[in-house]
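Engineer: Have a look at this one before I ask anything.
The values are calculated or read from the model by the stated rules, or taken from the named source; none is laboratory data. Just so it is clear, the model here is predicted, and its values are computed rather than measured. We place every Cβ from the backbone using ideal geometry, glycine too, and count neighbours over all the protein chains shown. With ligands, DNA and RNA removed, areas are computed over all heavy atoms of the protein, side chains included. Shrake-Rupley method; radii C 1.70, N 1.55, O 1.52, S 1.80 Å.
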Amino acid sequence: MRVTVTRTLNRPSRAGWAVLAAAWLVGVVVVTDSVRAARATDDPSAVDGHIYLVVVAAALVVMLTLSVLLEGAGRGPVEGDRTGPAPVLTGAALVGLVAGYAICFSTIGFLLPTAVFVAVAARLIGPMPWWLCAVFGVVAAVATRLVFVDGAGMVLPRGVLGW
Amino acid sequence: MAQFLDMLGGIAAAAKPEYLLYALIGALLGTLVGVLPGLGPASAVAILFPLTAVLPPTGAIIALAGIWYGAMYGGSTTAILLNIPGEVSSVTTAIDGYQMTRQGRAGPALAMAAITSFLAGTVGVVLLSFAGPAIATAALRFGPPEYLALTVLSLTAVISLAGPKLGRGIVMALAGLLLAGVGFDPISSAQRLVFDVPQLLGGFDAVAIMIGLFGISEVLSSVGAGLAKIYSGRLGRLWPRRDDFVRGGKAGIRGTAVGFALGLLPGMQASVASFLSYDVEKRVAKRPERFGKGAIEGVAGPEAANNAAAMAGFIPMLSLGIPTSATTALLLAALVVYGFQAGPLLFTQHADFTWTVIGSMYIGNLMLLVLNLPLVGLWARVARIPYRVMGPVILVICVIGAYAIRGQMFDVWVALAFGVFGVALKHFGWPTIPFVLGLVLGPLLERGLRQSLSISAGDWSIFVTRPISATVLALAAATTAVTVLWRRRLSRKGITALEE
């Protein structure tokens, strides 16, 4: 059987529109910044550098627009994606948790935020009793500190607690 | 002869106790991460990179190389024992390897995988020892147009092979090139897209981005995953039978040839080599119906192919500074972090370093063979550790790692942002490898383009009037044309490249 393949323009999905909007915004920002910087310099080599970025950004926006219109934003299998995406809420909560951890890690110090982060993340990812999560958090925090700070001599933010 | 002596000198230097220790730690840690489902060599190198930050530069690169081939080995162990390929290149190993396990022949499957991996890795390192310096010497005559042509070839090949949709590969490569342009202009040192953010002056750190793309995003993508049904039978006797050796050995030789040849090409990842090797084994077999039912050639060929391909990838990376995969891109970024510039001069200006690293690969491959077979049971148990335990620990290591590169919280935020970006890319089926190569090759491409046009006073014909540049560009055009025709043919059959 012979299958005829035709290409038609797709109406982008909401994700597609979001991607297109983001790409065009990036394009506008790159062009604006490059034009401003190119006007402010007398160095022709620097101007060439700004032109290069504008060309790359323009190519990106054009190719992305064509890609989304011809192929859609897509949802397809890719290498390594055997198990499927994590539930959206858990994933979003985990991202928030990592962000909170990064803030606390730089302001409070390493041990306490790491213990709390590991305990909460373990509980969030899978069923585990709270007491076990707490023990696991403390053990993981102490172990990573021993390996990275005491063993490998890595310098991490001391924070207000100093440890 | 000189290369042979250099190689021996490298092995002797790598046999120093501290370097042996770094290679051992790297190989073991790499295997540890490699056995975890979904975490392949690129993830292993990205996640474990911070641990090497405190080592001396040579030790750090030895450990990172050990992590790489350790992770490749780890993927095959769980593929055979648990039917869980730790990474994509082990998918073919799982097909017949797991069937052998079900038949009580896990031992010979594991032994044959280890032996052929070792042999292919060793052959790969020998060829690297001779081809690397030769290519580097030839590349000393390369100027900006030739480097631009090589970069274009690398990008077009990666884009062509990145996935079923060509447009997406191009978009991702362009996004990587754009991101690489942030910071100081490589020619004039003018600031570009910095927006008065001091951390952006030096541009985005490629390692932080890869920690996000290959470390954080893998954990975020896997948190909802459950393990497949695990077979918990006996390993059987470890040593393969005579006919296993004969059939597996021949398959290993063929796999090494296929893997090494393909591994030299940009974009031809180890996984592609293992799939093609499996196909070759089926085609040359007298009874192809045995495949999928526990044929040892289906284990030996792909394992040899993916290890040979991985080793071959070192040749363009070390001698030309051109990465061919995400892992070599990461290693290239690591070399920069440790003060080395990969390329032709690496073999002359840093000869001791280069030969010690190559020498450590011989030893590291041997270490994997000797140490890992007795530890098979341990690796199988590691693979069964649930993500609720491993996930948070990996995330902590990623955060520490991103911070440790430059001692900046900014890099942690970059890693987290690219972790989320990586999940989105995976969810919508956009390829990450062209993005990574665009990011790493961006400065090389821009420098090559602008310096060439400066030499030629703006005349673009410089790229086609110099023979090497013209040949490489023609090769890039041919690669793209062949890929487009191949995709069109598949489309007519109603199948996508990925399905094929």
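Engineer: Checking the structure you have, find out if any residue of region B:438-446 is modelled with pLDDT of 85 or more, acidic (Asp, Glu) and closer than 30 Å to B:ARG466 by Cα. I'd like the intermediate steps shown before the answer.
Structural biologist: First, pick out the residues of region B:438-446 that are modelled with pLDDT of 85 or more: B:438-446.
Those still in the list that are acidic (Asp, Glu) too: B:446.
Then drop every residue that is not closer than 30 Å to B:ARG466 by Cα, which leaves B:446.
Within region B:438-446 (the criterion being modelled with pLDDT of 85 or more, acidic (Asp, Glu) and closer than 30 Å to B:ARG466 by Cα), the answer is yes, since at least one residue qualifies.
Engineer: What is the residue count in region B:55-79 for residues that are β-branched (Val, Ile, Thr) and either within 17 Å of the chain's Cα centre (by Cα) or open to solvent by 10 Å² or more (accessible area, probe 1.4 Å) (or both)?
Structural biologist: So the count comes out to 4.
Engineer: B:ILE62 fails exactly one of the following numbered conditions: (1) over 14 Å from B:TYR22 (Cα atoms); (2) in contact (Cβ under 8 Å) with a residue 60 or more places away in the chain. What is the number of that condition?
Structural biologist: (1)
Engineer: Please find, among B:GLY458, B:GLY391, B:GLY429, B:GLY419, the residue that is at the interface with chain A (Cβ under 8 Å from one of its Cβ atoms) and at positive phi.
Structural biologist: Unique residue meeting the criteria: B:GLY429.
Engineer: Find the helices (runs of 4 or more DSSP H) located wholly in region A:71-149 whose residues include 2 or more that are at pLDDT 90 or above, surrounded by fewer than 17 Cβ atoms within 10 Å (Cβ to Cβ) and within 24 Å of the chain's Cα centre (by Cα), and list them.
Structural biologist: A:88-107
Engineer: Here is a further query. Pairs only if they're at least six apart or on different chains, beta carbon under 8 angstrom, first in region B:370-381 and over 22 Å from B:LEU20 (Cα atoms), second open to solvent by 60 Å² or more (accessible area, probe 1.4 Å); list them, first residue then second.
Structural biologist: B:GLY377/B:LEU235
Engineer: Here is a list of conditions, (1) closer than 30 Å to B:GLY104 by Cα; (2) at pLDDT below 85; (3) crowded, with 24+ Cβ neighbours inside 10 Å, and B:ASN306 meets all of them except one; can you say which number that is?
Structural biologist: Here B:ASN306 meets the rest and fails (2).
Engineer: Taking region B:244-286 as the region of interest, how many residues are crowded, with 24+ Cβ neighbours inside 10 Å, assigned to a loop (DSSP other than H, G, I, E, B) and charged (D, E, K, R)?
Structural biologist: 0
Engineer: Within the set of pairs 6+ apart or on separate chains, which have a first residue in region B:337-348 that is crowded, with 18+ Cβ neighbours inside 10 Å, a second that is part of a loop (DSSP other than H, G, I, E, B), and C-beta atoms under 7 Å apart?
Structural biologist: B:PHE340/B:HIS350; B:ALA342/B:GLY321; B:GLY343/B:GLY321; B:PRO344/B:LEU140; B:LEU346/B:PHE340
Engineer: On the basis of being surrounded by 24 or more Cβ atoms within 10 Å (Cβ to Cβ) and either not in a helix (DSSP H, G or I) or not acidic (Asp, Glu) (or both), does B:LEU127 make the cut?
Structural biologist: no
Engineer: What are the pairs with Cβ atoms under 6 angstrom where one residue, in region B:398-414, is facing chain A (nearest Cβ under 7 Å) and in contact (Cβ under 8 Å) with a residue 40 or more places away in the chain and the other, located anywhere, is open to solvent by 10 Å² or more (accessible area, probe 1.4 Å) and part of a helix (DSSP H, G or I)? Sequence gap at least six, or different chains.
Structural biologist: Within 6 Å, the pairs are B:VAL412/B:TYR403.
Engineer: Right, here's the next one. Do we find that B:VAL472 is surrounded by fewer than 24 Cβ atoms within 10 Å (Cβ to Cβ) and either in contact with a Lys or Arg (Cβ under 6 Å, 6 or more places away or on another chain) or within 10 Å of another protein chain (Cβ to nearest Cβ) (or both) in this structure?
Structural biologist: The answer is no for B:VAL472.
Engineer: Checking the conditions here, which among B:ALA415, B:ALA402 is surrounded by 22 or more Cβ atoms within 10 Å (Cβ to Cβ), at pLDDT 90 or above and under 24 Å from the mean Cα position of the chain (by Cα)?
Structural biologist: Checking each option against the conditions leaves just B:ALA415.
Engineer: While we're looking at this one, here's another question. Would you be able to say whether some residue in region B:223-234 is at pLDDT below 85, under 29 Å from B:ALA334 (Cβ atoms), within 12 Å of another protein chain (Cβ to nearest Cβ) and outside any loop (DSSP other than H, G, I, E, B)?
Structural biologist: No, because not a single residue in region B:223-234 is at pLDDT below 85, under 29 Å from B:ALA334 (Cβ atoms), within 12 Å of another protein chain (Cβ to nearest Cβ) and outside any loop (DSSP other than H, G, I, E, B).
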